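Contents: one structure, followed by commentary.
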Amino acid sequence: MLKVRIIPVLTFNGFGLVKTKKFANPRMVGNPVQAARVYNNRGVDELVFIDINATAQKRKINLKVVSDVIKECYMPVAIGGGIATIEDINDLLKIGADKVVIKTKALIDIEFIKNAVAFFGSQCICISIDAYWTENGYYIFNKIGINKSLDDFIQEMISCEVGEFLLVSVDHDGMMDGFDLELVNHVQKQTNIPIIWV
């Protein structure tokens, strides 16, 4: 049996850490640097840090904050938010990120993902999948008006040879009712790519 890995996901709004319910009504819950320090002391296997507003606000993630978070961590760190260019990825790797998490750019520019994988390697590129259930099946949540099924998105990303998926159930987000195991099983049946469940 594979070892269970504990990977906290910190969601950042540009000012502090936030928690949402079904991706709405964010509430402030703390300081990212302090949270990273706590998780590092508790010996988690990896940390994911995502600026959930960067893309919508058309800005880059704050590299100073990211650097301060990474300095607290002896475990691998994945960073996401506002990534739109190869230079963005390079900037994050230069300050110590082990990999990057991408969603919106993957929805609008599959060639960018292929290029990123070719340039940095599969192990460096993690794709965020924010899925929600409809009467027609699972779809990808986004704020840019793209109507894309979960299955189509997964197959596109598999074709790019990405290294990992970060799978988030919008329906279970912040509801304190555990993992969406139906969603997890649905995705696992389609790919052997490693999946981080949220």
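The values are calculated or read from the model by the stated rules, or taken from the named source; none is laboratory data. Just so you know, these numbers come straight off a predicted model, no measurement behind them. All Cβ positions, even for glycine, are placed from backbone atoms using ideal geometry, and neighbour counts span all protein chains on display. Ligands, DNA and RNA are stripped out before the accessible areas are found, and what is left, the full protein with its side chains, is counted by its heavy atoms. Shrake-Rupley method; radii C 1.70, N 1.55, O 1.52, S 1.80 Å.
Miscellaneous remarks
- Selection count where residues are in contact with a Phe, Trp or Tyr (Cβ under 6 Å, 6 or more places away or on another chain) and open to solvent by less than 80 Å² (accessible area, probe 1.4 Å), scope region 164-192: 5
- Taking the conditions (1) more than 22 Å from K99 (Cα to Cα); (2) surrounded by fewer than 17 Cβ atoms within 10 Å (Cβ to Cβ); (3) of a type outside the set (S, T, Y) in turn, Q155 satisfies each one other than (1).
- Residue list for region 55-110, filter: in a loop (DSSP other than H, G, I, E, B), basic (K, R) and within 24 Å of N40 (Cβ to Cβ): none
- Number of the exception - R37 against (1) open to solvent by 70 Å² or more (accessible area, probe 1.4 Å); (2) over 17 Å from the mean Cα position of the chain (by Cα); (3) under 29 Å from D171 (Cα atoms): (3)
- Among residues of region 110-134 that are closer than 16 Å to G80 by Cβ and among the acidic types (D, E), none has a Cβ under 6 angstrom from a residue that is modelled with pLDDT under 95 and part of a helix (DSSP H, G or I) at a sequence gap of 6+ or on a separate chain.
- Sub-6 Å Cβ pairs linking a first residue in region 22-36 that is without any contact (Cβ under 8 Å) to a residue 12 or more places away in the chain and at negative phi to a second residue that is open to solvent by 70 Å² or more (accessible area, probe 1.4 Å) and in a strand (DSSP E or B), at least 6 apart or interchain, are R27/K19, ordered by first then second residue.
- Qualifying residue in region 138-151 (condition: surrounded by 21 or more Cβ atoms within 10 Å (Cβ to Cβ), in contact with a helix residue (DSSP H, G or I) (Cβ under 8 Å, 6 or more places away or on another chain), part of a strand (DSSP E or B) and touching a residue at least 40 places away in the same chain (Cβ under 8 Å)): yes
- Odd one out for G174 among (1) in a loop (DSSP other than H, G, I, E, B); (2) at pLDDT 95 or above; (3) closer than 25 Å to N53 by Cβ: (2)
- Among the residues of region 93-109, the ones that are surrounded by fewer than 15 Cβ atoms within 10 Å (Cβ to Cβ) and under 17 Å from D152 (Cβ atoms) come to 2 in all.
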